[in-house]
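Engineer: Let me give you the structure first, and then I'll get to my questions.
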Amino acid sequence: MKLFYSKTSPYSRKVRLVIHEKGLQKTITSVACNPFDEVPELEAANPLGKVPTLIMDDGASLYDSPVICAYLDTLTPDRLIPESGRERWNVLRWEALCDGMLDATYNIVMERRRDTQEQSAGWIAQWKSQVIRSLDHIEAGIDMLSNQATLAHLALGAALGYLDFRLQDLDWRSQCPALAAWYEDFSVRDAMQNTWPE
Ligand SMILES: N[C@@H](CCC(=O)N[C@@H](CS)C(=O)NCC(=O)O)C(=O)O
């Protein structure tokens, strides 16, 4: 299999965390690229030209990150997404919330790259509120995360790592002390250590 990814992409990081946690490194060739350049093989596999994109062994492709993670999870018996019951939907909802936080953060990052006079302060404030409300919600519910790592944990690790990488001015730790303690413990995992954005 081949994974197109970028080292700075938090969605790619979530997939890379899954690959590390499940020990799939040897079965996947990871190809770092910049999706804003022309990358014909990436565009052929995914008309959106976005990373992450996975090309499976039969040549068919998968995107976007939740789909890739769900597929990779079926490849080994140790599941990151519970197969059934309320726990399954809880994990997928956490992933959706963390991905939504990524979307809002990514939008802020891209908006701030535009010329100052073209930036929308209104949109930036809206996206920031989404991140802050999500962080409050996660801070209140952090004890509900199981001790055993699931896709929810990995999605959260990727989202917090991206806030540190791209939105330091948010200073999320001062708003979320319990989450900060959780993240400090979680960050020692090999998967986290091997996938820092750079
Ligand atoms: N919802 C997608 C988001 C993927 C995404 O937006 N990736 C960014 C990099 S972080 C990208 O490839 N951007 C290139 C572009 O928008 O042209 C997922 O979860 O995979």
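Engineer: Which number gives the lysine pairs in the chain that have C-alpha atoms under 19 Å apart and are eight or more places apart or on different chains?
Structural biologist: 9
Engineer: Could you work out how far the C-alpha centroid of segment 42-95 sits from that of segment 102-144, in angstrom?
Structural biologist: Each part reduced to its Cα centre gives a spacing of 25 Å.
Engineer: Continuing with this model, one more query. Suppose every K and R has +1 on its Cβ and every D and E has -1 on its Cβ; what is the size of the dipole of the chain about the Cα centre, in Debye to the nearest 20? List each step's numbers first, then the result.
Structural biologist: On the way: 20 positive and 28 negative charges, 20 e Å.
In total the dipole reaches around 100 debye.
Engineer: With a cap of 15 neighbouring Cβ atoms within 10 Å, and only residues DSSP puts in a loop, list the chymotrypsin sites (Phe, Trp or Tyr not before Pro) found in segment 1-79.
Structural biologist: Numbers: sites: F4, Y5, Y11, F36, Y63, Y71; in loops: F36, Y63.
Of the chymotrypsin sites (Phe, Trp or Tyr not before Pro), the ones in loops of segment 1-79 whose Cβ has at most 15 other Cβ atoms within 10 Å are F36.
Engineer: Taking segment 59-107, which GluC sites (Glu not before Pro) meet the DSSP loop condition and have no more than 14 other C-beta atoms within 10 Å? Can you show the working numbers first?
Structural biologist: Working: sites: E83, E87, E95; in loops: E83.
For GluC sites (Glu not before Pro) across segment 59-107 that sit outside H, G, I, E and B with at most 14 neighbouring Cβ atoms in 10 Å, the list reads E83.
Engineer: Then there's this: Rounded to the nearest 20 debye, what is the charge dipole size of segment 85-193 about its Cα centre when +1 sits on each Lys and Arg Cβ and -1 on each Asp and Glu Cβ? Write out the running numbers ahead of the final one.
Structural biologist: Numbers: 11 positive and 16 negative charges, 44 e Å.
Here segment 85-193 has a charge dipole of around 220 debye.
Engineer: If each residue of separation counts as 0.36 nm, what is the full-extension length gain between R112 and Q168 once their alpha-carbon separation is subtracted?
Structural biologist: On the way: separation 56, 0.36 × 56 = 20.16 nm, distance 1.36 nm.
The span from R112 to Q168 would gain 18.8 nm if fully extended.
Engineer: Now, a different point. Relative contact order of segment 2-73, please, whole-number percent, based on alpha carbon pairs below 8 angstrom and at least 6 residues apart. Don't skip to the end; give the middle numbers.
Structural biologist: Values: 96 pairs, mean separation 27.8, N = 72.
The value is 39 percent.
Engineer: Would you mind ranking M144, M192, M101 by Cβ crowding within 10 Å, fewest neighbours first?
Structural biologist: Working: M144 10, M192 21, M101 27.
Lowest to highest Cβ neighbour count: M144, M192, M101.
Engineer: Is segment 130-198 rounded, prolate or oblate when judged by the Cα gyration tensor, a ≥ b ≥ c being the square roots of its eigenvalues, rounded requiring a/c under 1.5 and prolate requiring a/b larger than b/c?
Structural biologist: Details: a/c = 1.78, a/b = 1.08, b/c = 1.65.
Cα axes put segment 130-198 in the oblate bin.
Engineer: Hey, another quick one. How would segment 2-73 be classified by its alpha-carbon gyration tensor: rounded, prolate or oblate, with rounded meaning a/c under 1.5 and the a/b versus b/c comparison settling the rest?
Structural biologist: prolate
Engineer: Moving to a separate point now. Mind running the shape call on the chain? Use the C-alpha gyration tensor, a ≥ b ≥ c as the square roots of the eigenvalues: rounded below 1.5 for a/c, prolate if a/b tops b/c, oblate otherwise. Can you show the working numbers first?
Structural biologist: Numbers: a/c = 1.83, a/b = 1.10, b/c = 1.67.
Because a/c hits 1.5 or more and a/b fails to exceed b/c, the chain counts as oblate.
Engineer: With the contact rule set at Cα under 8 Å and sequence spacing of 6 or more, what percent relative contact order holds for the chain? Don't skip to the answer; put the middle values down first.
Structural biologist: Working: 228 pairs, mean separation 51.3, N = 198.
Once normalised by length, the contact order is 26 percent.
Engineer: How far, in nm, would the chain grow between D37 and W196 when pulled straight, counting 0.36 nm per residue and subtracting the alpha carbon separation?
Structural biologist: Working: separation 159, 0.36 × 159 = 57.24 nm, distance 2.21 nm.
That works out to 55.0 nm of additional length.
Engineer: Let me ask something else about it. When a footprinting reagent is the concern and you count Cβ atoms within 10 Å, what order do R13, R133 take, fewest first? Mind showing how you got there, number by number?
Structural biologist: Details: R13 29, R133 12.
Going from least to most buried by this count: R133, R13.
Engineer: For the chain, what does -39500 (n - 2.57) per DSSP helix run (n ≥ 4), summed and divided by total residues, give at 222 nm, in deg cm²/dmol to the nearest 500?
Structural biologist: Numbers: 9 runs with 110 residues, N = 198.
Per the formula, -17500 deg cm²/dmol.
Engineer: Now for a separate question. If you put +1 on each Lys and Arg Cβ and -1 on each Asp and Glu Cβ, how big is the dipole of segment 2-73 around its Cα centre, in Debye rounded to 20? Could you put the intermediate results ahead of the total?
Structural biologist: Numbers: 8 positive and 9 negative charges, 77 e Å.
With Lys and Arg at +1 and Asp and Glu at -1, about 360 debye.
Coordinate-derived values only; no laboratory data. Everything quoted here is computed from the prediction, not taken from an experiment. When we count neighbours, we look across all protein chains shown, and the Cβ atoms used for this are built from the backbone with ideal geometry, even at glycine.
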